[in-house]
1. Which ones in segment 282-299 are polar (S, T, N, Q) and at pLDDT 85 or above?
2. Just to be sure I understand the filter: pairs with C-beta atoms under 9 Å, separated by 6 or more residues or on different chains, first member in segment 81-109 and among the basic types (Lys, Arg), second member modelled with pLDDT of 90 or more and open to solvent by 60 Å² or more (accessible area, probe 1.4 Å). Which pairs pass?
3. For Ser185, are the conditions met, namely being touching a Cys at 6+ places or on another chain (Cβ under 7 Å) and either closer than 18 Å to Ile313 by Cβ or not in a loop (DSSP other than H, G, I, E, B) (or both)?
4. Name the single residue that is nearest to the chain's Cα centre (by Cα) among those in segment 182-193 being open to solvent by less than 70 Å² (accessible area, probe 1.4 Å) and of a type outside the set (Gly, Ala, Ser).
5. Being touching a residue at least 60 places away in the same chain (Cβ under 8 Å) and open to solvent by 50 Å² or more (accessible area, probe 1.4 Å) is the requirement here; does Arg306 meet it?
6. Take the residues in segment 58-101 that are open to solvent by 50 Å² or more (accessible area, probe 1.4 Å) and not in a helix (DSSP H, G or I); name whichever of them is modelled with the highest pLDDT.
7. Taking the condition of being aromatic (Phe, Trp, Tyr), under 30 Å from Phe110 (Cβ atoms) and open to solvent by less than 40 Å² (accessible area, probe 1.4 Å), how many residues in segment 1-57 meet it?
8. Restricted to segment 126-181, and to residues that are in a loop (DSSP other than H, G, I, E, B) and within 23 Å of Val361 (Cβ to Cβ), which residue is least open to solvent (accessible area, probe 1.4 Å)?
Amino acid sequence: MRRNVNYELVEKQRAFRAFYREKLEGDYQELEEKRKPYLKSFYWRAAILAAFLFASYFCGIMKYMVEKDNDTAGTIWGFAVLFWCVYWWCPVENYKTDTKKLVMNKILSFWGDLTYHTCPGAVHSPEVLKQSRLFGSFNRREYDDCFEGSYNGVKIAVSEQELRDVRGTGKNKRDVQVFKGILISLDMPKRFHGQTVVHAKGWGVVIVVAVIALFCCLSGAAMYRNVLDRRDALAFMTFFPVLVFFLCGGYWIVKDLFGRKRKKMQEVALEDVMFDKHWQVESTDQIEARYVLTPAFMERMLVVKRRFKGNKIEFSFWNNKVLIAVHTGKDMFETTSLFTPALDYRKVREVVYQFYSVFSVADVLLGMKEKNK
């Protein structure tokens, strides 16, 4: 069986390996010298944490929490455990920080005029995220890595973010994760007339609800088989799955119809079967949507989805901006680990895959730019 080989990626990997030997290998040797004390500190702190937990248990703290002042003792013990856990994990985070400060800007220089930030700040502002129509409401953001600059004449910004929405108050207060992953934005030289939004298709929730409902109905019918005759039991098993199916379907239909009316968005039918399997396209301009979503772009999006191994990937085009949201719980752009030698090239190779995926999207959009000239 023949495998499809991405010769562009192979060539990029070969070029980066030469760049690594010339510009980065000395820095990774320096990181290996830093890694050893960090690793030793990590194991010492792990031993201290284990001893603390062992001593806390056998000194009767848990018993005191149950029999006496539960709230106060529980709070004190909880803060103590939290402190020791943070203290134990600090070498891992400090080593990551040292790595990125030392090598990330050099790695980015291979791809373009880009700068690494540890505090993204205003990159991908809340206003931009809301205008993209890719996310629900959120009121809290957490940042990780970010880099921005110019790539082949196009302004690009990439950041790892988590969007959360704190809902309710008191006992009903909930902290809901809206998005966690990578945001990629590009400022194009030509403005889009309308807005095109590509959402990932998500039937997983509906399927899970239907399966749970079917299981409950079958269990209920089995429980009452001695009370109901066979005809009633069959009706019982049939009615509830059908009801759940129509409720779920009705919810999505109503949401779809009213959402499109409010947003003045229309569904765009595309001929690419594989693309249609993963995504649903809506736009305020049908003609422009088909112009933007070329076969080359759709093929590249499938490559990006596989490369990032994300649960889903979504993107939006409006004004002169393109925003791509890659949902993934994995920490990206990590070229080292405290538990593997710094000179082990495998993690660096994986990060090259990730950067290639990001910039290959820009390459497709640059093709659009050239076509527009």
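The values are calculated or read from the model by the stated rules, or taken from the named source; none is laboratory data. For clarity, every value in this text was computed on a predicted model and none was experimentally measured. Don't worry about glycine lacking a Cβ; one is built from the backbone with ideal geometry, like all the others, and counts go over all protein chains shown. Each accessible area value is taken on the protein alone, full model and side chains, heavy atoms only, with ligands, DNA and RNA left out. Shrake-Rupley method; radii C 1.70, N 1.55, O 1.52, S 1.80 Å.
1. Start the filter on segment 282-299 by keeping residues that are polar (S, T, N, Q), which leaves 283-284, 286, 294.
Listed by number, the residues that qualify are Ser283, Thr284, Gln286.
2. Lys106/Lys23
3. Values: touching a Cys at 6+ places or on another chain (Cβ under 7 Å): no; either closer than 18 Å to Ile313 by Cβ or not in a loop (DSSP other than H, G, I, E, B) (or both): yes.
No, not satisfied.
4. Step one: filter segment 182-193 for residues open to solvent by less than 70 Å² (accessible area, probe 1.4 Å), giving 182-188, 192.
Okay, now just the ones that are also of a type outside the set (Gly, Ala, Ser), so 182-184, 186-188, 192.
Working: Ile182: 5, Leu183: 8, Ile184: 11, Leu186: 18, Asp187: 22, Met188: 24, Phe192: 26 Å.
Filtering first and then ranking leaves Ile182.
5. Numbers: touching a residue at least 60 places away in the same chain (Cβ under 8 Å): no; open to solvent by 50 Å² or more (accessible area, probe 1.4 Å): yes.
No, not satisfied.
6. Restricting to residues being open to solvent by 50 Å² or more (accessible area, probe 1.4 Å) and not in a helix (DSSP H, G or I), the top hit is Cys59.
7. Taking segment 1-57 first, the residues aromatic (Phe, Trp, Tyr) are 7, 16, 19-20, 28, 38, 42-44, 52, 54, 57.
After this cut, where a residue has to be under 30 Å from Phe110 (Cβ atoms) as well, the list is 7, 16, 19-20, 28, 38.
Subsequent filtering for residues that are open to solvent by less than 40 Å² (accessible area, probe 1.4 Å) retains 16, 19-20, 28.
Result for segment 1-57: 4.
8. Just the residues of segment 126-181 that are in a loop (DSSP other than H, G, I, E, B), to begin with: 132-139, 152-153, 168-169, 173.
Subsequent filtering for residues that are within 23 Å of Val361 (Cβ to Cβ) retains 132-135, 152-153.
Numbers: Ser132: 0, Arg133: 75, Leu134: 16, Phe135: 35, Asn152: 100, Gly153: 67 Å².
Among residues in segment 126-181 that are in a loop (DSSP other than H, G, I, E, B) and within 23 Å of Val361 (Cβ to Cβ), the one least open to solvent (accessible area, probe 1.4 Å) is Ser132.
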